[in-house]
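J.: This is the structure I want to talk about, given as structure tokens.
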Amino acid sequence: MNKATTIKALIAEDEPILSITLQRMLGKLWPELELSSIVENGIEAVQAALSELPDVLFLDIKMPGKTGLEVAQELAEEWPSQRPFPMIVYVTAYDEFAVQAFETCAADYVLKPISEERLNKTMKRLQEHFQARTKTQNDNQQPETEIERVIAQLRQLHQIQLPNSAENISQTTEKLSVIRAAVGNNIRLIPIEDVIYFEATDKYINVVTAEHSSLIRSSLRDLLPQLDNSLFWQIHRSTVVNIKQVQMAHKDDTGKITLKLKHSDDKLSVSRIYAHLFKQM
Amino acid sequence: MRVVQQMRNQWQQLYQALPDCLLKNIVSEIPSLLIINLFCTILVTYVMRNGSSLFENWVFSNAIGSCCYLLIRTSSYFLWRSAPPNMFVFYLLCILLAPIGYIIGSALGALIFSFPINKVLHFQSSFISAFVAMTSLVSVIAAWSFWKKIQIAELISTAEKEKARTASIERQAMQAQLQLLQAQIEPHMLFNTLANLQGLIAIDPERAQHMLAQLIVYLRATLSSSRAENICLKQEFTLIQAYLDLLAIRMGKRLRYTLHLPSELEQEKVPPMLLQPLVENAIKHGLEPKVEGGTISISASKQHDQLVLVVSDTGLGLAFNSQENNIIDTDHPHVGNANIRERLLALFGEQAKFSLQPNNPEGAVATITLPVLASNLSM
């Protein structure tokens with residue numbers, strides 16, 4: 001019982017002074033809040049969140065490694081289902097577009113430089129949320145509703161497509177017709193329609209066709225705008241599939257969706273954020 | 001006096017309500033026409049002494065004058081519209097149309113007084129040579145005055161057009177400058193710096209002071225160099241130093257930087273906003289998104305009478321724009337780089353070069369090669 005009342009928070013902020021400032025402000029406004037992990041980039045944020053399982057996340061939007069939104073998405077996919085999903089507060093510097101996006105999907109956010117008044121309001125709202133949660137101890141519903149809310153928000157934010165910089169908007173909308181992948185000293189030319197799926201790893205993307213798979217040095221973030229989005233669907237933070245190569249989508253008892261492919265034995269799992277793409281018509 | 005003033009006002013209102021066309025021109029010219037007609041009446045009555053009364057002559061003069069005027073005005077309108085008329089043809093027109101106007105006007109006068117038309121015309125014909133001469137003369141004078149008027153109107157409209165054009169050019173230039181400024185001082189950068197300042201004031205006031213001083217140097221240098229045509233390298237390096245200092249405070253141990261400007265190159269002139277954007281790009285695309293951060297080095301040197309400016313970093317590198325392992329067309333590199341190439345081409349033609357290459361073992365190197373500006377040679 002007592003344990004449930006200590007609320008743990010994670011702060012992910014790459015600029016050290018801003019991190020300290022936020023810690024100090026939180027210490028003043030909400031002294032009971034336990035700052036269980038302070039991290040400086042997106043990758044550490046995911047690791048720390050999954051091991052500490054905090055109740056509140058303060059995520060900077062622009063961080064090295066992963067953006068705040070990418071962290072939220074990954075956590076929504078990986079979060080243990082028996083634990084309530086954390087409340088997320090996004091922290092961002094002046095960016096009209098981002099602010100508009102957050103307003104649209106009713107996500108909690110604070111602007112840098114952080115106004116104490118604004119942060120206090122957010123804290124009050126969070127406190128109310130946690131009080132309500134401890135009262136209704138039959139928690140079976142609670143963890144679901146929060147994660148559903150975050151997933152709905154992320155879906156909306158994906159549609160708005162938060163630009164990390166102005167260049168992203170003006171980037172070429174020309175679509176790729178051929179993928180050029182280096183294989184030793186040779187360049188393999190892969191017609192785009194032959195690709196069954198793309199799978200992102202740390203620094204590379206694995207391009208899988210019926211015959212072979214090849215690595216290209218890129219990220220899905222850069223690749224996606226160059227793909228025809230009616231043909232290539234993102235189904236997971238690290239997977240983009242050629243929808244014509246999908247034989248069927250299988251839903252298991254827990255609601256998890258897996259794709260069976262026509263020309264490959266690989267099975268692709270669909271994350272909850274993209275599950276709505278495979279609902280029946 | 002007040003009545004006159006009132007009438008004038010009413011007249012002006014009426015005049016302004018008229019559509020801007022031939023009719024408006026005619027209305028504006030009625031007063032001068034009436035004066036000319038009155039002058040003719042006096043001339044005919046007292047100088048030529050044709051034996052008719054002053055009133056009769058006034059009516060006839062007005063009829064003849066108006067006819068001549070309307071004939072000339074409308075025909076010139078149909079010939080030239082609003083374009084300036086050919087002067088010679090115009091005068092010829094006046095001389096040809098004056099007798100016709102004379103005859104029609106006389107007939108009109110006869111109708112007004114119910115005189116038999118043929119008798120009047122016969123009576124008028126005995127004075128025909130004198131009348132024709134006079135009408136022609138009057139027509140020519142009137143025509144000349146209208147002609148002048150048209151010319152003046154035309155001059156005014158040209159001047160107005162020129163003024164509007166200059167204003168629009170000025171506006172465009174100002175807008176361009178504003179955009180340049182906005183591009184320079186990114187709101188994101190400004191607010192992040194302010195957020196750091198806000199934090200530092202509470203935890204380390206001394207460093208906050210230093211940061212504020214650097215922000216001031218950065219803002220001032222950016223503002224003044226965005227207005228200048230050329231700035232010296234020393235100024236540009238001061239700006240870059242302030243910028244990097246701000247970022248080093250923000251990024252903490254993730255950012256290290258070195259600046260190298262030989263003292264003999266301090267006064268070399270370069271176009272503003274050339275080196276600084278490269279530094280910003282290296283930070284934005286190379287070092288800021290890299291988890292472990294890295295080092296940025298900026299240097300200037302002189303090689304074979306050319307100025308070589310190098311910005312190198314150990315950041316994420318060109319990744320998808322490098323020659324190999326790429327899937328994205330190399331013809332479309334960063335937008336910012338295209339701007340730099342365009343500016344260099346515009347300023348120096350083929351004499352300047354810009355290159356962006358992978359750094360060894362990681363990161364990117366941007367190099368600008370400029371001809372030494374002429375103004376430097378004289379120094």
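The values are calculated or read from the model by the stated rules, or taken from the named source; none is laboratory data. The shown structure was predicted, so the numbers you read here are calculated from the model rather than taken from an experiment. So basically every Cβ, Gly included, is an ideal-geometry build from the backbone, and we count neighbours across all protein chains shown.
J.: What pairs come up if the first residue lies in segment B:245-258 and is of a type in the set (D, E, K, R), the second is part of a strand (DSSP E or B), and their beta carbons are under 7 Å apart, counting only those six or more places apart or on different chains?
T.: Short answer, once both residue conditions are applied: B:Arg256/B:Thr295.
J.: Just to be sure before I move on: is A:Ile88 outside the structural domain of A:Ser219 (by TED's automatic domain parsing), on the phi < 0 side of the Ramachandran plot, surrounded by fewer than 20 Cβ atoms within 10 Å (Cβ to Cβ) and not basic (Lys, Arg) in the structure I sent?
T.: Values: outside the structural domain of A:Ser219 (by TED's automatic domain parsing): yes; on the phi < 0 side of the Ramachandran plot: yes; surrounded by fewer than 20 Cβ atoms within 10 Å (Cβ to Cβ): no; not basic (Lys, Arg): yes.
For A:Ile88, the condition - outside the structural domain of A:Ser219 (by TED's automatic domain parsing), on the phi < 0 side of the Ramachandran plot, surrounded by fewer than 20 Cβ atoms within 10 Å (Cβ to Cβ) and not basic (Lys, Arg) - is not met.
J.: Listed residues B:Glu264, B:Glu268, B:Glu292; which is among the acidic types (Asp, Glu) and within 9 Å of chain A (Cβ to nearest Cβ)? Don't jump to the end; show me each part of the working.
T.: Working: B:Glu264 fails: within 9 Å of chain A (Cβ to nearest Cβ); B:Glu268 fails: within 9 Å of chain A (Cβ to nearest Cβ).
Selected residue: B:Glu292, the only one of B:Glu264, B:Glu268, B:Glu292 that is among the acidic types (Asp, Glu) and within 9 Å of chain A (Cβ to nearest Cβ).
J.: Return yes when B:Ala98 is of a type outside the set (D, E, K, R), modelled with pLDDT under 80 and on the phi < 0 side of the Ramachandran plot and no when it is not. Give the derivation first.
T.: Numbers: of a type outside the set (D, E, K, R): yes; modelled with pLDDT under 80: yes; on the phi < 0 side of the Ramachandran plot: yes.
So B:Ala98 fits the description; yes.
J.: Further question: Listed residues B:Ile283, B:Ile231; which is in contact (Cβ under 8 Å) with a residue 40 or more places away in the chain and either crowded, with 20+ Cβ neighbours inside 10 Å or not assigned by TED's automatic domain parsing to the domain that holds B:Leu344 (or both)? It would help to see each step written out before you state the result.
T.: Numbers: B:Ile283 fails: in contact (Cβ under 8 Å) with a residue 40 or more places away in the chain.
Testing whether each residue is in contact (Cβ under 8 Å) with a residue 40 or more places away in the chain and either crowded, with 20+ Cβ neighbours inside 10 Å or not assigned by TED's automatic domain parsing to the domain that holds B:Leu344 (or both) leaves just B:Ile231.
J.: Something else about it: Being in a loop (DSSP other than H, G, I, E, B) and touching a helix residue (DSSP H, G or I) at 6+ places or on another chain (Cβ under 7 Å) is the filter here, so list the residues in segment A:267-281 that pass it. Can you show your working first?
T.: In the first step, residues of segment A:267-281 are kept if they are in a loop (DSSP other than H, G, I, E, B); the result is A:271, A:279-281.
Of everything in segment A:267-281, just one residue is in a loop (DSSP other than H, G, I, E, B) and touching a helix residue (DSSP H, G or I) at 6+ places or on another chain (Cβ under 7 Å), namely A:Ser271.
J.: May I pose another question? Return the total of residues in segment B:101-128 being more than 57 Å from the chain's Cα centre (by Cα) and either at pLDDT below 75 or in a helix (DSSP H, G or I) (or both). Please lay out each step first, then the result.
T.: The initial filter retains those residues of segment B:101-128 that are more than 57 Å from the chain's Cα centre (by Cα), namely B:110-128.
Next, from what is left, pick out any that are either at pLDDT below 75 or in a helix (DSSP H, G or I) (or both): B:110-113, B:117-128.
So the count comes out to 16.
J.: Inspect all residues belonging to segment A:107-122 and state whether any of them is aliphatic (A, V, I, L, M), crowded, with 22+ Cβ neighbours inside 10 Å and modelled with pLDDT under 90.
T.: Filtering segment A:107-122 for residues aliphatic (A, V, I, L, M) gives A:107, A:110-111, A:114, A:119.
Cutting the leftovers down to crowded, with 22+ Cβ neighbours inside 10 Å gives us none.
No, there is no match, as no residue in segment A:107-122 is aliphatic (A, V, I, L, M), crowded, with 22+ Cβ neighbours inside 10 Å and modelled with pLDDT under 90.
J.: Could you tell me which residue of segment A:242-266 is nearest to the other protein chains (Cβ to nearest Cβ), considering only residues that are out of contact with any helix residue (DSSP H, G or I) (no Cβ under 9 Å at 6 or more places or on another chain) and within 25 Å of A:Ile147 (Cα to Cα)?
T.: Filtering first and then ranking leaves A:Thr258.
J.: Moving to a separate point now. Which residue out of B:Met251, B:Met189, B:Met211 is within 13 Å of another protein chain (Cβ to nearest Cβ) and within 35 Å of the chain's Cα centre (by Cα)?
T.: B:Met189
J.: Test A:Ile20 against the criterion of being free of Cβ contacts under 8 Å to residues at least 12 places away in the same chain and surrounded by 16 or more Cβ atoms within 10 Å (Cβ to Cβ), and give yes or no. Step through it out loud before you land on a result.
T.: Working: free of Cβ contacts under 8 Å to residues at least 12 places away in the same chain: yes; surrounded by 16 or more Cβ atoms within 10 Å (Cβ to Cβ): yes.
The answer is yes for A:Ile20.
J.: Kindly indicate the residue of segment B:254-277 that is at pLDDT 90 or above and in a helix (DSSP H, G or I) and also nearest to the chain's Cα centre (by Cα) among those meeting that condition.
T.: Here the answer is B:Leu265.
J.: Related question: For residues in segment A:21-55 being among the small types (Gly, Ala, Ser) and more than 9 Å from chain B (Cβ to nearest Cβ), which is farthest from the chain's Cα centre (by Cα)? Steps first, answer last, please.
T.: Going residue by residue through segment A:21-55, those that are among the small types (Gly, Ala, Ser) are A:27, A:36-37, A:42, A:45, A:48-49, A:51.
Restricting the remaining residues to those that are more than 9 Å from chain B (Cβ to nearest Cβ) gives A:27, A:36-37, A:45, A:48-49, A:51.
Numbers: A:Gly27: 28, A:Ser36: 21, A:Ser37: 19, A:Ala45: 12, A:Ala48: 15, A:Ala49: 13, A:Ser51: 17 Å.
Selected residue: A:Gly27.
J.: If you scan segment B:43-65, which residues turn out to be of a type in the set (A, V, I, L, M) and in contact (Cβ under 8 Å) with a residue 12 or more places away in the chain?
T.: Filtering segment B:43-65 for residues of a type in the set (A, V, I, L, M) gives B:43-44, B:47-48, B:54, B:59, B:63-64.
B:Leu43, B:Val44, B:Met48, B:Leu54, B:Val59, B:Ala63, B:Ile64, listed by residue number.
J.: Exactly one of (1) surrounded by 23 or more Cβ atoms within 10 Å (Cβ to Cβ); (2) away from every other protein chain (no Cβ under 14 Å) is unmet by A:Phe58. Its number?
T.: (2)
J.: So, one more: Looking at (1) farther than 25 Å from A:Val270 by Cβ; (2) crowded, with 21+ Cβ neighbours inside 10 Å; (3) more than 10 Å from chain B (Cβ to nearest Cβ), can you tell me which one A:Gly68 breaks?
T.: (1)
J.: Please give the number of the condition B:Asn86 fails out of (1) farther than 16 Å from B:Ile30 by Cβ; (2) touching a helix residue (DSSP H, G or I) at 6+ places or on another chain (Cβ under 6 Å); (3) without any contact (Cβ under 8 Å) to a residue 40 or more places away in the chain.
T.: The number of the failed condition is (2).
J.: Within segment A:30-43, can you find the residues that are closer than 15 Å to A:Thr67 by Cα and either in contact (Cβ under 8 Å) with a residue 40 or more places away in the chain or surrounded by fewer than 20 Cβ atoms within 10 Å (Cβ to Cβ) (or both)? Show your work before the answer.
T.: Initially, segment A:30-43 is screened for residues closer than 15 Å to A:Thr67 by Cα, giving A:39-43.
Scanning segment A:30-43 gives a single hit, A:Ile43.
J.: While we're on this one: Do you know which residues across segment B:185-231 are small (Gly, Ala, Ser), at pLDDT below 85 and either in a helix (DSSP H, G or I) or under 15 Å from B:Ala242 (Cα atoms) (or both)?
T.: B:Ser224, B:Ser225, B:Ser226, listed by residue number.
J.: Please pick out the residue among B:Leu274, B:Leu239 that is touching a strand residue (DSSP E or B) at 6+ places or on another chain (Cβ under 9 Å), free of Cβ contacts under 8 Å to residues at least 60 places away in the same chain and more than 14 Å from chain A (Cβ to nearest Cβ).
T.: Working: B:Leu274 fails: free of Cβ contacts under 8 Å to residues at least 60 places away in the same chain.
Selected residue: B:Leu239, the only one of B:Leu274, B:Leu239 that is touching a strand residue (DSSP E or B) at 6+ places or on another chain (Cβ under 9 Å), free of Cβ contacts under 8 Å to residues at least 60 places away in the same chain and more than 14 Å from chain A (Cβ to nearest Cβ).
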